[in-house]
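Q: First the structure, which I've put down as structure tokens, then a few questions once you've had a look.
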Amino acid sequence: MGAAAVFVALAGLKPAATIDRQARAQSPDPFAGLKEKFTRPGFVPYPADNAPTPEKIALGRRLFADKALSSVGTIACASCHDPRLAFTDGEVRGKGVTGRSLARHTPSLWNAAFSPLLFWDGRASSLEEQVHFPVEHPDEMGSTLETAAQRLARDESYRGAFLAAFPEDPEVSPHSIAGALAAYERTLVSPPTRFDAWVAGKADALTPSEVRGFRLFAGKGRCISCHVGFDFTDHNFYDIGLPDGDRGRGKEIGLPAADHAFKTPTLRELAWTAPYMHDGSLATLDDVLRHYEEGGLDRPTRSRDLPAKLRLTDDERTDLVAFLETLSSDTPPQPSTEPWVAGGRPVSPPPPQDATVVSQINKTFNPGHVRLKAAQALTVLNDDTRTHNVRIFDAKLNFNSGAQEPRESVTIRFPQPGTYEAFCGIHPSMRLTVEVK
Amino acid sequence: MAKFTRKLWVGIGVATVASASMAQGIGAQDVDHDEMEHKAHGAPLPPALNGGANLNSGEGGEAYLTDGGPTDTRVRFYRDIELTRGHLLVGQQLIDLELWDEALPHFLHPTEELYGLMEKYIKLHNMRPFGRELKALAQTVKAKRKGAYERALKPVEQRIDAALGTAKTFMRPEQRFVVQSAIEVLRSAQSEYAESMENGVFVKPVEYQDSRGFVWRAERVIEEAAAGPPLLDADSLAKVRAAFGKLKAAWPAPLPPPKPALDVGEMSALISQIELHTSSMTR
């Protein structure tokens, strides 16, 4: 973090060439701090109750391509998330069983395993839960998981495959269908590209123009404040000023401050996934840059993490696009075959601290795991420059702080002992675990 | 059969290029340009401009690759751009007929062969690459998705236009290059047409289609040039158009007819007429 901050500060003051020379004199790799933010993770997180196995993944892959999951047997997941098209459909808005255009653009599924919430508006909180939506959406697959399970259970080869994938509970059920599909989707990790080789230390893996593009991405363009991590997303929701009337995250969580906010998409494999954005409105990366330069609609919900005015020269534009293109494979992308992709690691929260005040800072809860004594209240203070929110969605407590502006705090009382998971509805990568004694 | 016509093709190439006054004009400019390019790569200078005489007898690749061809990199690049466009054009015509499987080779060829030939020039002149865009387009054809195909076509066309725009800044006067490149494209068409036949019947529809796309492009290129400042008198233009009319009769549809409408000799005579009557544009 330190090195990156220094770098960004320098980038604002000095011409690029000076930075290069200075940095080289001071440290062997001026980008070391930044590169750290983009290192490949080395494991795929999965929920403790759905560990991946080769059998489960194979079943999931088969289900993904099977049209029997739809009402009339015409549409599979792969009809819209076509593996030949990098798990997209290449349409502005796709069509399902009814032939009616869907409300939003079909996203690619790259790196969905790393996304705490799914869909452009984050309405599903796990890949397992997500599966219900397309199967049951009247315009997508128009069926139910129950119907699909009954249909599949009549097929002997499927019964064998479910037995191999779920030896403890081999019934063909909505639960096992969702579990297998989710396990397969977690393997859709975007493969390493030249950019990863550069991050790993191969200095000539990127051209000078591409490196200049990365510098713009991290500096002047401020893209890095949202597109960060090996998958180039912080998994949060922002209004970047696209003009359609879709309220996105705001409608989903009933919070006007999050109106027109959509999930930051991954920037991996973009060369293969046009068109772009939740509404599919931008056809090329040039169009995307033009959008960021023009700034989009200036409304109260427009993210303050966007540069107020972004002015790029023709050369800078070329460099930035050249950089973005290094995040795509040179040939039609296939899921990564890195050994860690098939393995995975169950997700676990950081160790707890005894604290009654938690701050929201730099899009994290700090600390991220607290322990309270019975009857103690928790205060959450917004120490950030952005609007936040505290959401707890639990059978014991349904809590929503509403919009919490910088310097505002909320106090939460917990009705009974237990573990509560809180998150920010706008920046759901902000997670807070509260243990109440 | 194919071998015979290829020889014939080379013969015409030498004769016409050697006799045309444009050879000298372009040759003079060409040296500077090529020298620049080859210095940049530390490679030896190419053989002096001598028409189609720098023959490689390598195997594989489309016929025009092994047939020598222009030594001026600008003409070669322009030709390859137009061959790419020709593939895309005939591919589009097949897609319009819902013949996706027939169309696919015309999207794979540019990515697998032509782009590789152009890439060095693209890098040298800092043009925006379009190899991956071509591959993405081919994927949409593999997937047989019209909407995705139409969307993927746009960035390819935009970048091809931009690359040719940059290349044209090295082509002065432009008309000469336009016409010479179009003639090269016609020669490639003739080669492919000859390839597509055995004993007077079509056996290779893909080559037949290639040649169709190429001729359609060559005509478009010449018409566009003719639409500019009048460099062609009305009489010559009428003769060029008449020759194209007769030439195009060889490809009544994107799929080969049961019997060839033109033989290779007739085709080469028509191409020579086009070359003759456009020669005033190359002065």
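Quick note: the coordinates plus some simple rules give every number you see, no bench work behind them. Here the structure is a predicted model, which is why all the values come from computation and not from measurement. No Cβ is skipped: glycine too gets one built from the backbone with ideal geometry, and neighbour counts run over all protein chains shown.
Q: Apply the Karplus parameterisation 6.51 cos²θ - 1.76 cosθ + 1.60, with θ equal to phi minus 60°, to every residue of segment B:141-158 and state each ³J(HN,Hα) to the nearest whole Hz, in sequence, with x for glycine and proline.
A: With the stated coefficients, segment B:141-158 comes to 6, 4, 7, 6, 10, 4, x, 5, 4, 4, 6, 6, 5, 4, x, 4, 4, 4 Hz.
Q: If the reach is capped at under 20 angstrom between alpha carbons, list the aspartates and glutamates near A:K95, excluding any in the same chain fewer than eight residues apart.
A: A:D66, A:D82, A:D121, A:E136, A:D139, A:E140, A:D244, A:D246, A:D279, B:E98, B:E150
Q: Moving on to the next point. Please work out the ratio of the alpha-carbon Rg of segment A:54-185 to 2.2 N^0.38 Å and round it to two decimals.
A: 1.00
Q: Let me ask another. Take A:N366 and A:D29, extend 7 Å from each Cα along the Cα→Cβ direction, and tell me the distance between the two endpoints in nm.
A: Roughly 2.6 nm, to one decimal.
Q: Could I ask something else about it? Non-local amide H neighbours of A:T88 (under 5 Å, H modeled in plane, Pro and chain starts lacking H): which ones?
A: A:D82
Q: While we're on this one: In a shell of Cβ-Cβ distance under 10 Å around A:Y184, excluding A:Y184 itself, what net charge do Lys and Arg (+1) and Asp and Glu (-1) give? Each step should come with its number before you reach the end.
A: Numbers: positive: A:K56, A:R61, A:R62, A:R186; negative: A:E185.
It works out to a net charge of +3.
Q: Please compute the average number of Cβ atoms from other chains found within 10 Å of each residue's Cβ in peptide B:136-148.
A: Values: counts 9, 0, 2, 9, 5, 1, 4, 6, 1, 7, 2, 7, 10.
The mean count of partner-chain Cβ atoms within 10 Å per residue comes to 5.
Q: Picking from A:P352, A:P335, A:P415, which is most flexible by a Gaussian network model of chain A using Cα springs under 10 Å?
A: A:P415
Q: For segment A:120-222, what D do you get in µm² per second when you plug the Kirkwood radius from alpha-carbon pairs into Stokes-Einstein at 4 °C and 1.567 mPa s?
A: On the way: Rh = 17.3 Å.
This corresponds to a translational diffusion coefficient of 75 µm²/s.
Q: For segment A:353-436, what is the Kirkwood estimate of the hydrodynamic radius, computed as the reciprocal of the mean inverse distance between distinct Cα atoms, to one decimal in Å?
A: Values: mean 1/r = 0.0804 Å⁻¹.
Kirkwood hydrodynamic radius for segment A:353-436: 12.4 Å.
Q: Per the helix-only calculation at 222 nm, which mean residue ellipticity applies to chain A, given -39500 (n - 2.57) for every DSSP H run of n ≥ 4 and division by its residues, nearest 500 deg cm²/dmol?
A: -8000 deg cm²/dmol
Q: How large is the Kirkwood hydrodynamic radius of segment B:148-234, in angstrom, based on all distinct alpha carbon pairs? Please report the intermediate quantities before stating the final value.
A: On the way: mean 1/r = 0.0669 Å⁻¹.
The Cα-based Kirkwood calculation yields 14.9 Å.
Q: On to the next question. Express in nm, to one decimal, how much length is gained between A:S409 and A:D330 on full extension, taking 0.36 nm for each residue of separation and deducting their alpha carbon distance. Please list the in-between numbers first.
A: Details: separation 79, 0.36 × 79 = 28.44 nm, distance 4.86 nm.
Answer, rounded to one decimal: 23.6 nm.
Q: Ok, one more. Fully extended, how many nm does the chain gain between A:Q353 and A:D244 (0.36 nm per residue separation, minus their Cα-Cα distance)?
A: Taking 0.36 nm per residue and subtracting the Cα distance, the gain is 34.9 nm.
Q: Follow-up. Per the Cauchy relation, a quarter of the hull surface: what is the mean projected area of the convex hull of the alpha carbons in segment A:194-325, in nm²?
A: Values: hull surface 31.2 nm².
Approximately 7.8 nm², given one-decimal rounding.
Q: Another question, then. Can you report the principal axis dimensions of segment B:172-283 using only the alpha carbons, biggest first, rounded to whole angstrom?
A: 42, 24, 20
Q: Amide H neighbours of A:L372 under 5 Å, counting only residues 5+ apart in sequence or on other chains, H built in-plane at 1.01 Å?
A: Sorted by chain and number, the residues that satisfy this are A:E435, A:V436, A:K437.
Q: Which lysines have a Cα lying under 24 Å from the Cα of B:K168, excluding residues fewer than 8 positions away in the same chain?
A: Output for B:K168: B:K39, B:K120, B:K123, B:K154.
Q: By a straight-distance test (C-alpha under 12 Å), which aspartates and glutamates pair with A:K373 as possible cross-link partners, with residues fewer than eight away in the same chain excluded?
A: A:D354, A:E435
Q: Let me ask something else. Please build a GNM for chain A, connecting alpha carbons under 10 Å apart, and tell me which residue among A:L312, A:L324, A:L188 fluctuates the most.
A: In the Gaussian network model the winner is A:L312.
Q: Given the convex hull over the Cα atoms of segment B:196-256, what projected area results after averaging over all orientations, in nm²? Walk me through the numbers on the way to the answer.
A: Values: hull surface 18.0 nm².
Reported value for the Cα convex hull: 4.5 nm².
Q: So what is the relative contact order for segment B:88-231, in percent, with contacts set as C-alpha pairs under 8 Å and at least six apart?
A: Relative contact order of segment B:88-231: 21 percent.
Q: Given a cut-off of under 8 Å on Cα pairs at least six residues apart, what relative contact order in percent is computed for segment B:168-257?
A: Numbers: 68 pairs, mean separation 26.6, N = 90.
Reported as a whole number, the value is 30 percent.
Q: Can you give the relative contact order of chain A as a percent, counting alpha carbon pairs under 8 Å and 6+ residues apart?
A: Details: 854 pairs, mean separation 69.0, N = 437.
Taking the mean separation of contacting Cα pairs over the length of chain A, I get 16 percent.
Q: To the nearest whole percent, what portion of all C-alpha pairs in the protein assembly as shown is separated by more than 36 angstrom? Before the final figure, lay out each step's value.
A: On the way: 136398 of 258840 pairs.
When every Cα pair of the protein assembly as shown is considered, 53 percent fall beyond 36 Å.
Q: Take the cross-link list A:K67/B:K135; A:K202/B:K142; A:K202/A:K263; A:K37/A:K363; A:K263/B:K146 and give me the ones stretching past 23 Å between alpha-carbons. Provide the component values of the computation, followed by the final result.
A: Working: A:K67/B:K135 27 Å; A:K202/B:K142 34 Å; A:K202/A:K263 32 Å; A:K37/A:K363 15 Å; A:K263/B:K146 28 Å.
From A:K67/B:K135; A:K202/B:K142; A:K202/A:K263; A:K37/A:K363; A:K263/B:K146, over 23 Å: A:K67/B:K135; A:K202/B:K142; A:K202/A:K263; A:K263/B:K146.
Q: Using only Cα atoms, what Kirkwood radius does segment B:72-171 have, in angstroms? Walk me through the numbers before you get to the answer.
A: On the way: mean 1/r = 0.0737 Å⁻¹.
Computed over Cα pairs of segment B:72-171, the Kirkwood hydrodynamic radius comes out at 13.6 Å.
Q: Most fluctuating residue of A:L289, A:L63, A:L397 in a GNM of chain A with Cα springs under 10 Å: which is it?
A: In the Gaussian network model the winner is A:L397.
Q: In the protein assembly as shown, what percentage of the DSSP-assigned beta bridges are antiparallel, given to the nearest 5?
A: On the way: 27 of 42 bridges.
Bridges in the protein assembly as shown that DSSP calls antiparallel: roughly 65 percent.
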